[in-house]
Each structure stands twice: as C-alpha cells, then as structure tokens.
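**Q** Quick one: the structure is below, questions incoming.
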Amino acid sequence: MFYKTELRDHIRVAPRLFDLKVDDALVKSVKLKYEGVITQEIGIVVDVVGVKNVGEGIIIPGDGARYYDATFEILSFKPELQEVVMGRIRDIADFGAFMTIGPIDGMIHISQTMDDFVSFAKDKVLSGRDSKRALKVGDICRARIIAVSFKDVSNPKIGLTMRQQGLGKLEWVTETAKPAAPKKEEKKEKKKAKV
C-alpha cells in the first residue's frame, strides 16, 4: 500500500545548491538522501512530495554545507499482509513467476499461480493441465500478499498467491465472474418441461 508520511530530519544542503531557493535546495537534498531508501517501518521511499517547515540553517565549522531542521512529506510503498495488489508479470522461471507491484517485485511460487497442476515451458510460460490456462511474461494479474520479509533490508522479499477466488490473470478473473452458460442437457430438460 502507498503511504504519504511526514518526517522530520536534519538535512545537509551542499554548497553547490546555495544558488537555489532554500525550499528547492532542501527538496533536492531530501530526495538525494531518502529516495530509494528501504526500511521495515517506512517501506520503500518512492518520492519526496515536498518540504513543509524549515528551521534556521546552521554551518558547522570544517564543513561548507548548511544544515536545516526540516519537516517534509514522502510517498512510500509498504507491502501489507493479505493486501490484494495488481501487477504485471516481469519474468517466469521453472519455480514460479515474478510480478512487478509498485516499486518492487513479488514472487509467485509455481504452486500458487493457479488452482491446477502447472507445468513450465522453455518459452517462459506456465500452463495449467486441466484448465488450459497460460501465464506469460507481460500478463496483468491480481494477487494477494502472503509473505513479507525485510530480513535483508536492501532486498525485501514479497510472497504472492493467485490461487484464491477473484485472483489471477485478469482474463481468468472475468471468466469466473460470468455466470456459466446452461449446458445442452439442461436446455433439453427445460424444453421437455414446457411441453
């Protein structure tokens, strides 16, 4: 889920930014410091929205930069357990698929791609034996987050499933949402009942 969060920090503005307005220099400095940062508390910082409050700037002897006590807003993506997300299949391997969700990829184990026996083809396609469904690179899918790990903060792991109702490739979801057409045998029985 995307969050807009307000943070407060001491921001270093390098001398090369002194020709800019204070707010513009601070936004550039905050972006340089925070964009792409990953923490368990905040998630993945996607963008710096803007600076709200700026304190008095100070210069520390021996360092030509100015330091400001500033309050600013960031936009971050923090994956939540049980959250339903949309994404595009980026890659397929023999063990599953990788789906891009926001600024990060999640992994769908082959057993979690569909409610069927799934096989992997060398042309990077996962196919269901009975359903004849196929999952390819570039497909847009809906999945549920079932695991989140920030053990390695530089590379968080997201586990996804598409086996539950309403999840999977968007074409599959619309297929299951439509009411099934009556079978030929049912039509014959209805005609006999009318006579």
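The values are calculated or read from the model by the stated rules, or taken from the named source; none is laboratory data. Worth saying up front: this structure is predicted, and the values here are computed from it rather than measured. Please note: Cβ atoms are built from the backbone with ideal geometry, for glycine as well, and neighbour counts cover all protein chains shown.
**Q** Scanning for something more than 20 Å from the chain's Cα centre (by Cα), surrounded by 15 or more Cβ atoms within 10 Å (Cβ to Cβ) and at pLDDT below 90, does region 57-76 turn up at least one residue?
**A** yes
**Q** Does region 8-56 hold any residues that are surrounded by fewer than 13 Cβ atoms within 10 Å (Cβ to Cβ) and assigned to a loop (DSSP other than H, G, I, E, B), and which are they?
**A** Within region 8-56, PHE18, ASP19, LYS21, GLY36, GLN40, GLU41, GLU56 meet the criteria.
**Q** Just to be sure before I move on: is THR39 out of contact with any strand residue (DSSP E or B) (no Cβ under 8 Å at 6 or more places or on another chain), of a type in the set (Ser, Thr, Tyr) and closer than 30 Å to ARG142 by Cβ in the structure I sent?
**A** Yes.
**Q** Please count how many residues of region 89-105 are within 12 Å of ARG142 (Cα to Cα) and in contact (Cβ under 8 Å) with a residue 24 or more places away in the chain.
**A** The number of residues fulfilling the criteria is 3.
**Q** Here's something else I'd like to know. For region 107-116, indicate whether the set of residues that are in the same structural domain as ALA147 (by TED's automatic domain parsing) and under 26 Å from THR39 (Cβ atoms) is non-empty.
**A** Checked against the condition, which is being in the same structural domain as ALA147 (by TED's automatic domain parsing) and under 26 Å from THR39 (Cβ atoms), region 107-116 yields at least one hit.
**Q** Can you tell me how many residues within region 147-168 are among the charged types (D, E, K, R) and exposed (fewer than 12 other Cβ atoms within 10 Å of the Cβ)?
**A** Count: 2.
**Q** Determine whether region 107-124 contains at least one residue that is surrounded by 15 or more Cβ atoms within 10 Å (Cβ to Cβ), free of Cβ contacts under 8 Å to residues at least 40 places away in the same chain and in contact with a His (Cβ under 9 Å, 6 or more places away or on another chain).
**A** Taking every residue of region 107-124 in turn, none turns out to be surrounded by 15 or more Cβ atoms within 10 Å (Cβ to Cβ), free of Cβ contacts under 8 Å to residues at least 40 places away in the same chain and in contact with a His (Cβ under 9 Å, 6 or more places away or on another chain).
**Q** Count, please, the residues in region 91-114 that happen to be of a type outside the set (A, V, I, L, M, F, W, C) and over 17 Å from ILE145 (Cα atoms).
**A** Total satisfying the criteria: 2.
**Q** Among the residues of region 51-72, is any closer than 30 Å to ARG163 by Cβ and outside the structural domain of CYS141 (by TED's automatic domain parsing)?
**A** No: zero hits.
**Q** Among the residues that make up region 75-84, is at least one of them touching a Pro at 6+ places or on another chain (Cβ under 7 Å) and either over 19 Å from ASP9 (Cβ atoms) or not in a strand (DSSP E or B) (or both)?
**A** yes
**Q** Still on this structure, I have one more. Which is among the hydrophobic types (A, V, I, L, M, F, W, C), in a helix (DSSP H, G or I) and touching a Gly at 6+ places or on another chain (Cβ under 8 Å), of VAL173, VAL148?
**A** VAL173
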